[in-house]
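Encoded as structure tokens, the structure appears first; notes follow it.
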Amino acid sequence: MSHPAQVRVPATYMRGGTSKGVFFRLQDLPEAARVPGEARDKLLLRVIGSPDPYQKQTDGMGGATSSTSKTVILAEPTQPDHDVDYLFGQVSIDKPFVDWSGNCGNLTAAVGAFAINGGFLSQDRIPENGFCTVRIWQANIRKTIVAQIPITNGEVQETGDFELDGVTFPAAEVQVEFMDPADGDGAMFPTGNVVDDLEVPGVGTLRATMINAGIPTIFVNAEDIGYTGTELQDAINSDPKALAMFETIRSHGAVKMGLIGHVDEAASRQHTPKVAFVAAPVNYVASSGKQINADDIDVLVRALSMGKLHHAMMGTAAVAIATASAVPGTLVNLAAGGGDRTDVTFGHPSGTLRVGAEASQVNGQWTATKAIMSRSARILMEGWVRVPGDSF
């Protein structure tokens, strides 16, 4: 009886922000996986170790959380004045599918460094010391992202003293600008309102802000669903009824946002939209034991990703938070005290994060010009990942 040999695929394992994933250059993938489709999805599922009914991803590179079940493919730019195309695949942990419907803002911080190390930028673009500007085309959502990558002695600088709540060790700071983060194919507020009444069977009618900026996100008030906004992961993720409630909110919000036609379709679109709840600032203790004081933040936000409360905050959701906070009258803006603002510091389960955003009204419609945040990134391992030859 013959058995297929393992196939070696060049890959880099990287942390970006509070996420980590397996990075590939398109030209390094097996030929069948260089185009979208079943072969590519099967390859990435096997790389990460999914689907895994044990939800551990022991036989793969995934870490059995939404933050660590991620893949990235970089390719030559398809758009003028860009350096690289960035495609993100969120791999389901226990189901056989890869969600291509949105971006990962955290891993975006690692894309610039990977693009430089992967040869996508010419050497004359890379300074001996200073910052290298990498213009990224985010292929999932068709948006431009600009990353400022620190360079020391002609190479990407990864170590430094920048601290990011949710990441244990300090590293070099990477500034990321999300240009025109609102949905380019539709309104930033798809219902036309900054706040809607969202009818959720079994829950009631909730006030909700539904926004397409960074990533489609549904915001509700914490108190309306029985929470304070200071919850940590165990308070939500160990409660099946709570998780079911949030999925119901998410699926009905997705229909109202026009992302799906029926709530049944939400099961095959786990990455988007996100659902989050907000509250006015109060003191709380973060998951690390760090004391977070109400005076140090503008608003409390907790967000779910792939059906579980996130341990910190998704980068794309941070863009949505900042953009919503800049629009008077949204639930995020009201929880932050109302009024006009160009940045927001919010409290999440692991600590705090400051994000800047600019929003304005054009012909009666709200639009966002950009959102800015700082992250960090680091190569964890590089070489080859191996997968059985019959897995894709």
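Within the stretch 250-280, name every residue whose backbone N is under 16 Å away from a label modeled 7 Å from Cα of Asp224 along the Cβ vector. Hits in the stretch 250-280 for Asp224 at 16 Å: 250-257, 274-280.
Shown for the stretch 272-392: the carbon plus sulfur share of the solvent-accessible area, taken with all protein chains present and a 1.4 angstrom probe, equals 46%.
Each eigenvalue of the Cα gyration tensor of the stretch 11-80, multiplied by 5 and square-rooted, gives one semi-axis; in descending order these are 22, 16, 9 Å. For Lys143, the residues 5 or more places off, or on other chains, whose built amide H falls under 5 Å of its own are Gln138.
The residue among Gly119, Ala312, Asn221 whose Cα reaches farthest toward the positive pole of the charge dipole of the chain, with charges on the beta-carbon of Lys, Arg, Asp and Glu, is Gly119.
Distance between the modelled labels on Gln79 and Arg207, one decimal in nanometres: 3.6 nm (7 Å Cα→Cβ projection). Based on Cα contacts under 8 Å between residues 6+ apart, the chain shows a relative contact order of 20 percent. Pop out the carbon and sulfur fraction of the accessible area of the stretch 49-152 as a percent, whole number, probe 1.4 Å. Carbon and sulfur together cover 52 percent of it. Cβ-Cβ distance of Ser2 and Met381, R₀ of 41 Å, FRET efficiency by 1/(1 + (r/R0)^6): the value works out to about 0.85.
For the peptides 171-181, 261-271, 312-322, 135-145, the ranking by mean Cβ contacts within 10 Å, running from highest to lowest, is 312-322, 171-181, 135-145, 261-271. For Val385, the amide hydrogen comes within under 5 Å of the amide hydrogens of Val9, Ala11, counting only partners 5 or more places away or on other chains and with H modelled in the peptide plane. Output needed: percent of Cα pairs per 20 Å distance bin for the chain, bins running from 0 to the one holding the longest distance. The calculated distribution, bin by bin, is 29, 59, 11, 0. Principal axis extents of the C-alpha atoms in the stretch 225-339 (largest first, rounded to whole Å): 42, 34, 25. Surface exposure of the stretch 31-99, expressed per residue as accessible area with a 1.4 Å probe, stands at 44 Å².
What ranking do 229-236, 383-390, 103-110 get when scored by the average of other Cβ atoms within 10 Å per residue, highest first?
On the way: 229-236: 17.6, 383-390: 14.0, 103-110: 29.6.
Ranked by mean Cβ neighbours within 10 Å, highest first: 103-110, 229-236, 383-390.
Taking a span of 20 Å or more along the helix axis (Cα atoms) and a mean Kyte-Doolittle hydropathy of at least -0.5 as the rule, the DSSP H helices of the chain that qualify are 240-256. With the contact rule set at Cα under 8 Å and sequence spacing of 6 or more, what percent relative contact order holds for the stretch 230-294? Contact order relative to length: 25 percent. Once both labels are positioned 7 Å from their Cα atoms along Cα-to-Cβ, the gap between Val285 and Ile126 label points is 4.6 nm. Kindly state, to the nearest 0.05, the FRET efficiency for Val263 paired with Ala294, given R0 = 45 Å and r defined as their beta-carbon distance. FRET efficiency, Val263 to Ala294: 0.75. Each 10 Å bin from 0 upward holds the following percent of the Cα-Cα pairs of the stretch 270-392: 12, 37, 29, 12, 8, 2. Whole Å is fine, so just give me how far the alpha carbon centre of the stretch 1-56 lies from that of the stretch 318-386. Distance between centres, Cα-based: 30 Å.
About its Cα centre, how strong a charge dipole does the chain have in debye, to the nearest 20, once Lys and Arg get +1 and Asp and Glu get -1 at the Cβ? Kindly include the intermediate steps, with their values, before the conclusion.
On the way: 30 positive and 43 negative charges, 133 e Å.
That gives the chain a dipole magnitude of about 640 debye.
Please give the calculated 222 nm ellipticity per residue for the chain, where each DSSP H segment of at least 4 residues contributes -39500 (n - 2.57) and the sum is spread over every residue; nearest 500 deg cm²/dmol? Don't skip to the end; give the middle numbers.
Working: 6 runs with 62 residues, N = 392.
Calculated at 222 nm, the ellipticity per residue is -4500 deg cm²/dmol.
Full-extension gain between Ala187 and Thr168, please, as 0.36 nm times their residue separation minus the C-alpha to C-alpha distance.
Working: separation 19, 0.36 × 19 = 6.84 nm, distance 3.79 nm.
Computed gain between Ala187 and Thr168 is 3.0 nm.
Taking label positions 7 Å along the Cα-Cβ direction at both Asp234 and Gln361, the computed distance is 4.7 nm, reported to one decimal.
Solvent exposure of the stretch 348-392, expressed per residue, is 51 Å² of accessible area, with all protein chains present and a 1.4 angstrom probe. Each residue of the stretch 261-278 was assigned a 3J(HN,Hα) from its phi angle through the Karplus expression (A = 6.51, B = -1.76, C = 1.60, θ = phi - 60°), giving x, 8, 4, 5, 6, 5, 5, 9, 9, 6, 6, 9, x, 8, 10, 9, 10, 10 Hz with x at Gly and Pro.
Which percent of the Cα-Cα distances in the stretch 179-292 go past 22 Å? Here the tail beyond 22 Å accounts for 36 percent of pairs.
The values are calculated or read from the model by the stated rules, or taken from the named source; none is laboratory data. Just so we're clear, the structure is a prediction, and the values are computed from it rather than from any experiment. Cβ coordinates were reconstructed from backbone atoms using ideal geometry, including for glycine residues, and neighbour counts include every protein chain displayed. SASA here: full protein model, heavy atoms, side chains in, ligands and nucleic acids out. Shrake-Rupley method; radii C 1.70, N 1.55, O 1.52, S 1.80 Å.
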